[in-house]
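FYI, it's all coordinate maths here, none of it is from the lab. Bear in mind the structure is a predicted one, so any value in this text is a computation, not a measurement. Quick reminder, even Gly has a Cβ in these numbers, built from the backbone with ideal geometry, and neighbours come from all protein chains shown.
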Amino acid sequence: MAKRLFVSIDLDGLEDAIESVQDRFDGVSGLRLTDPEQAHVTLQFLGDTDPDRVTDIVAALETAVEDSGVAPFEVEFGGLGVFPSLSYISVVWVGVRDGHGDAELTALQEAVENRTVATGFDPEDHEFTPHATIARMDHAGGKETVQDAVQDDDPDVGCLQVEEIRLKESELGPDGPTYRTVDSVSL
């Protein structure tokens, strides 16, 4: 049975800070908060994948890390944003402060995408914006509250020492996805 896979950097240790940012959205109509314990930056979504390919994927990720030239680094998370736009919101996220890990994340993402595409996966269909999703908007009931927060608030989430990338499995359930680490590759 195929596994739904993606490559990420998990925000281990920042759960309380993410929850604190989410508190400003508590009870907002149409907004579904994500589990802070599952917060991550997606480097590449691989989709439904034959489990027999995991070994090859991990080898590709090891090569990608070498290709990127990125050693362990620190990332500073903060600020709010949305996808696809303020007028039509589907995702609310916390971002990465400019000059505080964004270049390393981008280098890793490009290397991972190059290697996974070379093994037969599809490239992302949008430009990489380093972020961690904190909520999803199911309907526009509370859109103005979200718009105001994104335009007026600049919360600090904290710093994270990135030492590995992870191959994750996403299992969809009635309460949303649950993520499990399949393997990890050290920087």
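Packing-wise, with mean Cβ within 10 Å as the measure, how do 11-24, 103-116, 169-182 rank, highest first?
Values: 11-24: 16.9, 103-116: 20.6, 169-182: 12.4.
My ranking of the peptides, most packed first, is 103-116, 11-24, 169-182.
What ranking do H126, H131 get, fewest neighbouring Cβ atoms within 10 angstrom at the top? Each step should come with its number before you reach the end.
Details: H126 8, H131 22.
If I rank by nearby Cβ atoms, fewest first, I get H126, H131.
How big is the chain by the Kirkwood estimate over distinct Cα pairs, in Å?
Radius from the Kirkwood sum: 17.1 Å.
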